[in-house]
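The values are calculated or read from the model by the stated rules, or taken from the named source; none is laboratory data. Not measured: the values here are computed from a predicted model. Please note: Cβ atoms are built from the backbone with ideal geometry, for glycine as well, and neighbour counts cover all protein chains shown. Protein only, heavy atoms only, side chains kept; ligands, DNA and RNA dropped before computing areas. Shrake-Rupley method; radii C 1.70, N 1.55, O 1.52, S 1.80 Å.
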Amino acid sequence: MTDEHNSFDPDFTLGTPSIVCRWRLSGASLPMENRHLRALGKRVGPSGKPVSCDLIAWAKQHIEWTLKEGASRHPEGTLMVVIDEEGRAAMSVGPYEPLEDLRFASLLGRIDLSYREGEKTGVPPETIWAVVEGVLCWGLDEQESPSGAATLVEDLAKTLGIRVERRPGLLNLVRSRQVIPSEVFFVSDEHGIVLPDELSGEMGEKFASGYRRLLERSK
């Protein structure tokens with residue numbers, strides 16, 4: 001592990017970012033810490049190698065030891081972990097900025113960018129979920145690993161007895177109207193469960209409610 005790892009130091013400079021993670025905080029803590037760290041370990045850099053165990057250990061140590069102090073100005077903010085092309089990493093905390101545009105078309109464009117990121121790193125930080133004929137379809141390819149927030153929804157669905165199927169290419173199927181869902185929602189490491197102005201529904205609200213309770217319990 002390079003000695004250039006750092007946390008909450010404004011004077012620390014990285015090279016070109018290779019991996020960027022944005023994780024929502026609550027009460028100056030990271031509610032899904034273990035899920036996020038597992039997902040970080042599934043990401044790959046430009047060399048095609050997964051994030052090292054040493055870097056995961058570094059991240060865990062600084063989250064446990066220094067996050068409270070580092071997030072004192074923004075306890076309900078966003079923790080950002082950036083890894084550059086040389087494997088150097090840094091953490092910073094900034095204010096959480098909620099999504100202003102919840103129109104379905106706008107969110108589709110946002111998720112498209114997330115999937116492009118997933119093609120490079122192996123883990124899309126935001127995914128589309130759609131209810132199709134009573135089945136909860138998840139837009140994730142078999143070769144992709146889920147983000148931390150996505151694993152939460154997957155586990156909640158199992159607890160609730162909701163059938164989940166991975167549907168590769170779901171984003172394009174919905175966008176082209178080859179699949180007509182009864183409802184759609186999006187799952188984001190930073191924004192949680194995002195319900196669009198159109199096509200939101202009971203199932204998405206159920207997961208959104210569970211996510212809100214998780215944030216409250218973390219305070």
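Each residue in the stretch 113-144 was checked for being assigned to a loop (DSSP other than H, G, I, E, B), open to solvent by less than 10 Å² (accessible area, probe 1.4 Å) and more than 19 Å from ILE19 (Cβ to Cβ), and 1 of them qualify.
Of the residues making up the stretch 91-112, just one is hydrophobic (A, V, I, L, M, F, W, C), closer than 17 Å to TRP23 by Cα and out of contact with any strand residue (DSSP E or B) (no Cβ under 6 Å at 6 or more places or on another chain), namely LEU99.
For the stretch 196-206, the candidate set comprises residues that are on the phi < 0 side of the Ramachandran plot and touching a residue at least 60 places away in the same chain (Cβ under 8 Å); within that set, the residue that is surrounded by the most Cβ atoms within 10 Å (Cβ to Cβ) is GLY204. What do you reckon, is LEU40 more than 23 Å from GLY192 (Cβ to Cβ) and either assigned to a loop (DSSP other than H, G, I, E, B) or in contact (Cβ under 8 Å) with a residue 12 or more places away in the chain (or both)? Considered against the rule, which asks whether it is more than 23 Å from GLY192 (Cβ to Cβ) and either assigned to a loop (DSSP other than H, G, I, E, B) or in contact (Cβ under 8 Å) with a residue 12 or more places away in the chain (or both), LEU40 comes out as no. Being basic (Lys, Arg), modelled with pLDDT under 95 and closer than 23 Å to PRO146 by Cβ is the filter here; which residues of the stretch 26-74 pass it? LYS49 - this is the single residue of the stretch 26-74 that is basic (Lys, Arg), modelled with pLDDT under 95 and closer than 23 Å to PRO146 by Cβ.
Candidates ALA71, ALA89, ALA130: the one that is of a type in the set (Gly, Ala, Ser) and in the same structural domain as GLY210 (by the TED database) is ALA130.
When every residue of the stretch 114-124 is checked against the conditions, at least one turns out to be in the same structural domain as SER176 (by the TED database) and hydrophobic (A, V, I, L, M, F, W, C). Test LEU99 against the stated conditions and say whether it is closer than 25 Å to SER145 by Cα, of a type in the set (A, V, I, L, M, F, W, C) and assigned to a loop (DSSP other than H, G, I, E, B). Yes. Put simply, of SER182, SER188 the only residue that is open to solvent by less than 20 Å² (accessible area, probe 1.4 Å), among the small types (Gly, Ala, Ser), modelled with pLDDT of 95 or more and in contact with an Asp or Glu (Cβ under 9 Å, 6 or more places away or on another chain) is SER188. The residues of the stretch 82-101 that are surrounded by 17 or more Cβ atoms within 10 Å (Cβ to Cβ), within 18 Å of THR66 (Cβ to Cβ) and of a type outside the set (A, V, I, L, M), listed by number, are ARG88, SER92. Looking at (1) open to solvent by less than 70 Å² (accessible area, probe 1.4 Å); (2) in contact with a Leu (Cβ under 8 Å, 6 or more places away or on another chain), find the lone condition where ILE193 falls short. It is condition (2) that ILE193 fails.
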